[in-house]
């Protein structure tokens, strides 16, 4: 695995792929390797979603004590994955990373607690999966509006399909983060 830090504690993971005439093999999770990069989270819940092209989910987070670290990847299809630093004391507060994750590139992201996360589906029948370090807790859920003008995230979609909840999240300029 090759791991690089995109923002403090936000990791891009490129697995080592072994390919031959039968197909391919790679390790999509190695606790010992991630721990070398400061990831101490124990993953306790796995989630998976199926989305068609044009769906946008996010930007979501859970506040303490249920804040989640996430290890995300795409099984089939492709997404534009976005992680937004919402840690008020961070030098990169309000900065985001937007990167394409796909079945073809097999890239993964580790998104630590203190980041809002979302993705836009770029292909039909995209299966997105993520390991979480905390259980889903609806009362701790929060978010930031996907198209906040001050963020200017290049989502690669003009009119995404959103949930009612996601369309009513606060603009980043009005957002008060629960993370120090």
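The values are calculated or read from the model by the stated rules, or taken from the named source; none is laboratory data. Every value quoted in this text rests on a predicted model; they were computed, and no experiment measured them. Glycine also receives a Cβ, built like all others from the backbone with ideal geometry; neighbour counts cover every protein chain displayed.
Here are a few things to note about the model shown:
- Residue 9 crowded, with 20+ Cβ neighbours inside 10 Å and under 23 Å from residue 175 (Cα atoms): yes
- For the range 147-165, the condition holds for at least one residue, the condition being that it is part of a helix (DSSP H, G or I) and either within 17 Å of residue 49 (Cα to Cα) or free of Cβ contacts under 8 Å to residues at least 40 places away in the same chain (or both).
- Among the residues of the range 53-68, those identified as at pLDDT 95 or above, within 16 Å of residue 163 (Cβ to Cβ) and not in a loop (DSSP other than H, G, I, E, B) are 55, 56, 57, 59, 60, 61.
- Flag: residue 35 does not match the condition of being in contact (Cβ under 8 Å) with a residue 24 or more places away in the chain and either under 17 Å from the mean Cα position of the chain (by Cα) or within 30 Å of residue 144 (Cα to Cα) (or both).
- Of all residues in the range 74-129 being closer than 22 Å to residue 16 by Cα and assigned to a loop (DSSP other than H, G, I, E, B), the one that is farthest from the chain's Cα centre (by Cα): 104
Quick grid of which residues meet (1) in contact (Cβ under 8 Å) with a residue 40 or more places away in the chain; (2) buried (at least 17 other Cβ atoms within 10 Å of the Cβ):
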residue	(1), (2)
75	yes, no
79	yes, yes
89	yes, no
100	no, no
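- Residue count, the range 12-32 (criterion: loosely packed, with under 14 Cβ neighbours inside 10 Å and at negative phi): 14
- Among the residues listed as 109, 139, the single one being crowded, with 20+ Cβ neighbours inside 10 Å and over 15 Å from residue 166 (Cβ atoms): 109
- Residue in the range 42-52 that is part of a loop (DSSP other than H, G, I, E, B) and either within 21 Å of residue 116 (Cβ to Cβ) or within 15 Å of the chain's Cα centre (by Cα) (or both) present: yes
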